[in-house]
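The values are calculated or read from the model by the stated rules, or taken from the named source; none is laboratory data. Computed from a predicted structure; not experimentally measured. Virtual Cβ from ideal backbone geometry, glycine too; neighbours counted across all protein chains shown.
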Amino acid sequence: MSIKNTTRDYGTIAKWLHWLTAVLFLGAYSTVYFRQWFTEEKTPENWTALQLHLSIGVTLAVIVALRIIWRVMNKKPNMEPGTKIEHLTAHVGHYALYAVMLLMPITGYLGTSVNTEFFFIFDIEKFDNTALYTYLITDGIGITFQEFEKPIDFIHKNILGAWLVWILILGHIFAALYHHFVKKDRTLEKMTKSK
Ligand code: HEM
Ligand code: HEM
């Protein structure tokens, strides 16, 4: 099995980065929904679930950065035969997924009002406490943290988190299954098969 992508298949590294991303998204969603649905405010479980959400989100930011670097250094496997519209939709869908993979951790970090206790190993200072925040937001634009975080939280939670990310991921999974079971082509195998 090749480490790098070939014109026929994704390589080992691209596959690992892809599936790791999928697991981290699942983790980010499960922790935040667990916190909301199954824990009471101000309990240790509530705090642990939030901190796991933040830690998984920060890990995702690192993985996505590596994934994008690897992606530009590699060729992309050829697409399976399809119409121009199908290929265009796939391209747009993939770029949109890259965009939300970056925007979710960025908006999450900018808008959080607590430090990230990274898997309870070390602390990552919240943006609001950094010199960059003071320079850009307090001194630069001259607004309070509440005014700053409101639109950012709205994008993180309501626009992207509640809707767009779900639509993109579910559409993406549906497309993969459609290729595999209906068109019966190699699209899914390129990302799964170890040969
Ligand atoms: C894959 C990455 C991420 C995904 C998919 C994600 C998803 C979400 C969703 C869906 C919510 C809203 C829950 C709701 O109110 O309905 C949320 C809330 C939140 N997220 Fe993220 N998030 C990610 C990364 C991050 C990161 C990196 C941080 C900060 C370092 C962060 C901080 C927060 C905070 C503070 C909340 C509010 C928690 C609450 O009010 O219960 N998120 N996130
Ligand atoms: C069960 C879940 C998933 C399945 C079955 C799946 C399947 C696939 C398949 C088959 C491909 C190759 C498509 C092609 O070459 O045309 C692919 C590529 C891709 N997937 Fe997923 N995926 C899943 C979850 C995710 C998630 C959660 C994300 C991100 C949020 C994601 C982001 C991407 C991106 C950006 C590509 C394009 C890679 C590239 O060529 O640069 N996938 N996925």
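Overview of results
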quantity: Qualifying positions in the stretch 149-171 - over 18 Å from A28 (Cα atoms) and touching a Gly at 6+ places or on another chain (Cβ under 8 Å); calculated: E149, G171
quantity: Pair list, Cβ < 6 Å and 6+ apart or interchain, from the stretch 20-49 residues that are under 20 Å from P105 (Cβ atoms) and within 11 Å of ligand 2 (Cβ to nearest atom) to residues that are charged (D, E, K, R) and part of a helix (DSSP H, G or I); calculated: none
quantity: Some residue of the stretch 133-140 being modelled with pLDDT of 95 or more, among the charged types (D, E, K, R) and surrounded by 13 or more Cβ atoms within 10 Å (Cβ to Cβ); calculated: no
quantity: Near pairs, Cβ below 6 angstrom, 6+ apart or cross-chain, from the stretch 52-76 (under 17 Å from F127 (Cα atoms)) to any residue that is more than 13 Å from ligand 2 (Cβ to nearest atom); calculated: H53/T31; H53/V32; L54/T116; S55/F118; S55/F119; G57/G108; V58/T116
quantity: Residue within the stretch 144-160 that is surrounded by 12 or more Cβ atoms within 10 Å (Cβ to Cβ), in contact (Cβ under 8 Å) with a residue 40 or more places away in the chain and touching a Lys or Arg at 6+ places or on another chain (Cβ under 9 Å) present; calculated: no
quantity: Only listed residue being within 9 Å of ligand 1 (Cβ to nearest atom) and free of Cβ contacts under 8 Å to residues at least 24 places away in the same chain, chosen from F122, F127; calculated: F127
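Residues checked against (1) of a type in the set (S, T, N, Q); (2) within 11 Å of ligand 2 (Cβ to nearest atom); (3) more than 20 Å from the chain's Cα centre (by Cα):
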{"residue": "S55", "(1), (2), (3)": "yes, no, no"}
{"residue": "W70", "(1), (2), (3)": "no, yes, no"}
{"residue": "T89", "(1), (2), (3)": "yes, yes, no"}
{"residue": "A99", "(1), (2), (3)": "no, yes, no"}
